[in-house]
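Here is the structure we will look at.
The values are calculated or read from the model by the stated rules, or taken from the named source; none is laboratory data. Computed from a predicted structure; not experimentally measured. In this analysis, Cβ positions are derived from the backbone assuming ideal geometry, glycine residues included, and neighbour counts consider all displayed protein chains. These area figures cover heavy atoms from the full protein model, side chains too; ligands, DNA and RNA do not enter into them. Shrake-Rupley method; radii C 1.70, N 1.55, O 1.52, S 1.80 Å.
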Amino acid sequence: MVNKTLLLTYSYLLIYILLSSGVILYNKWVLSPKYFNFPLPITLTMIHMGFSGLVAFLLIRVFKVVSPVKMTFEIYVTCVVPISAFFASSLWFGNTAYLHISVAFIQMLKALMPVATFIMAVVCGTDKARCDVFLNMLLVSVGVVVSSYGEINFNIIGTVYQVTGIFAEALRLVLTQVLLQKKGLTLNPVTSLYYIAPCSFVFLSLPWYVLEKPSIEVSQIQFNFWIFFSNALCALALNFSIFLVIGRTGAVTIRVAGVLKDWILIALSTVIFPESTITGLNIIGYAIALCGVVMYNYIKIKDVKAAQPITDSLPDRITKDWKAKSSSDGESPRGIELIDEEAPLITSRLSHIGRTQLGTHTAV
């Protein structure tokens, strides 16, 4: 008999891989001058942000499917605004890279994500510099350099855009962990989009006004409602699929699924976009980088397992102490597990989503 829970988990993973690959290939097709020819990455990203923010507003304020969180002006300014700024930057730079380099090479460059996240975490003080992790990061960097050297259609502008977007996303993830956990704020995909998407839209409007608005006025840009609607809908669906995968499996599983997705994307991009030619040196370099990523994930898993007895015993001790106190006071202990365990769990999941929650996947 097939395990229904396991089948549902694998179904969520499959949906995530299909949607993530589809959104990336779809964006490349829309932006590429050789295909749909809509070379306005900031405009495309703003369409995604506007659509996502509108859907979130309808779900929260109109249909009341999801309850809003308690958001103060101080939390919005100190947490949401900086996170939205780096979120918008990562989407802008990441989407612009599609104009200059292939999907396959972009996925190879994305192997730098753990390196960028580790550097930003050390700079912000959320992680410590360790020799074993440093060696893994060095291995990843060497692999990416080898892969870049083997790229036939290497473009320095596209590479700089993509690497800058990766570091902006890494800083966004670290800020999410530092600021939101510090404030004790927990956001699901709908509330995240409700607060962050409009703010990111405003940030994107500044470079759009300078860089893309003149082009829209001068040149004749084709606009197809159904193409942009379906593109934004796929990006929104991807956000929800990532939440389902994180909620059912965990951040480590989605990282492994992300590696599988990258290989699938590299293979598919060479079929769909013939100009995305990959060489043997590309594959060797990416394989080296991937070894470093796998080793890094293994170290992180070991760290989590090593800390598990401590985190598991703390709520038990709190519950026992509270039950002992309640028995003497005649109070009911109902609800203590939800307060002490569930809220940190949701916040932890949010901070580990990586490119997966609402961030880069929404548009890149």
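Residues to consider are L59, L109; find the one that is free of Cβ contacts under 8 Å to residues at least 60 places away in the same chain and either in contact with a His (Cβ under 6 Å, 6 or more places away or on another chain) or in a helix (DSSP H, G or I) (or both). It is L109. On inspection, Q222 fails the criterion of being in contact (Cβ under 8 Å) with a residue 12 or more places away in the chain, over 26 Å from F105 (Cβ atoms), open to solvent by 30 Å² or more (accessible area, probe 1.4 Å) and part of a helix (DSSP H, G or I).
Exactly one residue among S90, S192 is outside any loop (DSSP other than H, G, I, E, B), of a type in the set (G, A, S), in contact with an Asp or Glu (Cβ under 6 Å, 6 or more places away or on another chain) and under 29 Å from F57 (Cβ atoms), and that residue is S90. The requirement of being touching a residue at least 24 places away in the same chain (Cβ under 8 Å), of a type in the set (A, V, I, L, M), open to solvent by 40 Å² or more (accessible area, probe 1.4 Å) and not in a helix (DSSP H, G or I) is fulfilled nowhere in region 256-273; no residue meets it. Restricting region 17-74 to residues that are open to solvent by 80 Å² or more (accessible area, probe 1.4 Å) and touching a helix residue (DSSP H, G or I) at 6+ places or on another chain (Cβ under 7 Å), the residue that is farthest from A235 (Cα to Cα) is V65. Cβ-Cβ contacts under 6 Å between residues 6 or more apart (or on different chains), taken from a first residue in region 140-166 that is open to solvent by 40 Å² or more (accessible area, probe 1.4 Å) to a second residue that is part of a helix (DSSP H, G or I) and at pLDDT 95 or above, are listed as Y161/F93; Y161/T96; Y161/A97; T164/F93. Annotation: L233 fulfils all but one of (1) at pLDDT below 80; (2) over 14 Å from the mean Cα position of the chain (by Cα); (3) not acidic (D, E); the unmet one is (1).
Matching residues to (1) assigned to a loop (DSSP other than H, G, I, E, B); (2) more than 23 Å from F201 (Cβ to Cβ); (3) of a type outside the set (D, E); (4) at pLDDT below 95:
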position: F36; (1), (2), (3), (4): yes, no, yes, yes
position: P68; (1), (2), (3), (4): yes, no, yes, yes
position: T96; (1), (2), (3), (4): no, no, yes, no
position: V115; (1), (2), (3), (4): no, yes, yes, yes
position: D127; (1), (2), (3), (4): yes, yes, no, yes
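Evaluation of E212 against the conditions (1) open to solvent by less than 20 Å² (accessible area, probe 1.4 Å); (2) at pLDDT below 90; (3) among the acidic types (D, E) shows that the sole unmet condition is (2).
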